[in-house]
1. When the range 259-280 is examined, which residues are found to be open to solvent by less than 30 Å² (accessible area, probe 1.4 Å) and within 16 Å of the ligand (Cβ to nearest atom)?
2. Would you tally the residues in the range 65-96 being surrounded by 19 or more Cβ atoms within 10 Å (Cβ to Cβ) and acidic (Asp, Glu)?
3. Among the candidates 186, 170, 197, 205, single out the residue that is open to solvent by less than 60 Å² (accessible area, probe 1.4 Å), outside any loop (DSSP other than H, G, I, E, B) and either touching a strand residue (DSSP E or B) at 6+ places or on another chain (Cβ under 6 Å) or at pLDDT below 95 (or both).
4. Just need a number here: residues in the range 37-53 that are open to solvent by less than 10 Å² (accessible area, probe 1.4 Å) and part of a loop (DSSP other than H, G, I, E, B).
5. Looking at the range 214-262 only, could you name the residues that are in contact with a helix residue (DSSP H, G or I) (Cβ under 9 Å, 6 or more places away or on another chain), acidic (Asp, Glu) and not in a strand (DSSP E or B)?
6. Take the range 74-123 and flag every residue that is under 18 Å from residue 60 (Cα atoms), within 16 Å of the chain's Cα centre (by Cα) and hydroxyl-bearing (Ser, Thr, Tyr).
7. Determine which member of the set 18, 62, 26 is among the hydroxyl-bearing types (Ser, Thr, Tyr), touching a helix residue (DSSP H, G or I) at 6+ places or on another chain (Cβ under 9 Å), open to solvent by 10 Å² or more (accessible area, probe 1.4 Å) and not in a strand (DSSP E or B).
8. Among (1) within 16 Å of residue 66 (Cβ to Cβ); (2) touching a residue at least 60 places away in the same chain (Cβ under 8 Å), where does residue 272 come up short?
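The values are calculated or read from the model by the stated rules, or taken from the named source; none is laboratory data. Keep in mind that what you see is a predicted model, and the values were worked out from it rather than measured. Cβ sites come from the backbone with ideal geometry, for glycine too, and all protein chains shown count toward neighbours. Note: accessible area is taken over every heavy atom of the protein model, side chains too, but ligands, DNA and RNA are not part of it. Shrake-Rupley method; radii C 1.70, N 1.55, O 1.52, S 1.80 Å.
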Amino acid sequence: MTLELVSEARCFDGLQRTYRHPSAATGTPMRVAVYLPPQAEHGPVPVVWFLAGLTCTEDNFTQKAGAQRVAAELGLALIAPDTSPRGEGVPDDPAYDFGQGAGFYLDATVSPWSQHFQMRRYIEDELPRLLGAELPIDPTRQSLCGHSMGGHGALTIALRNPSRYKAVSAFAPIVSPLNCPWGEKALSGYLGPDRVAWRPYDACALIADGARVPEILVDQGTADPFLERELKPHLLEEACRTTGIALTLNRRPGYDHSYFFIASFMESHLRWHAERLNGG
Ligand SMILES: N[C@@H](CCC(=O)N[C@@H](CS)C(=O)NCC(=O)O)C(=O)O
């Protein structure tokens, strides 16, 4: 058994679990939160991955988004990975937007980050295989959701793997790391100065370079303090408009960047995912 159960709690007749496991991608132990709805007792269920933002662990979404009630109703598993490798021997940075808690869902190529910061491989390849082998989740019915840095992760992973994920949505995503301070800092720090190497990690650049998904759902608070400088949803709007990707961008008046915003619209995202995961 590769997965070690760290905690388990009954939740809306399903199970909220946290696992720890060794990761070959990051070379560290990693933790991941998994919600299994009651339907998982009878067979494999569809799964929504939730990728979290800067400073988060597997706990932020699990404890603050209030997603389990609707996931139980809809029969959806929820997987919430950590946002970076952590621990002794893993390099870090004093700033909250780089290093531990800020893995940016990429495979770093610059030392010392490249040794452990391999979050793309971890999220795209290793973790789906590991969880798929041990849990009642249906590999043919997976979708992606994320917040901020995790919204960037969800969008870029979906765009690079359009046949694997049935849907992608995001809350306040970083839509173009090539064009914002958080992104420029992370991509130059992890990947070096060659901006061509950054393009697989930028949703708008991926679309410009030919990547496609049929549709995208985004919710964005208008009172989000990061809206103008970091998130720039108009860049995704423009990329989708010129390429025919059906983007639903809900601008939510007065909402900020927090999990209070996410919790307010989580149900609508999960219902949107369930329709697509169930082929409806
Ligand atoms: N004000 C935050 C900035 C980072 C932030 O807002 N992080 C968002 C994602 S980009 C988050 O989800 N934080 C954790 C939480 O709200 O539980 C800090 O300085 O730590």
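1. Selection gives 259, 261, 262, 265, 266, 269.
2. Residues flagged as surrounded by 19 or more Cβ atoms within 10 Å (Cβ to Cβ) and acidic (Asp, Glu) within the range 65-96 amount to 1.
3. Criteria check complete, one pass: 170.
4. Number of matching residues: 3.
5. Within the range 214-262, 224, 230, 238 meet the criteria.
6. 83, 84, 105
7. 62
8. With (1) within 16 Å of residue 66 (Cβ to Cβ); (2) touching a residue at least 60 places away in the same chain (Cβ under 8 Å) applied to residue 272, the lone miss is (1).
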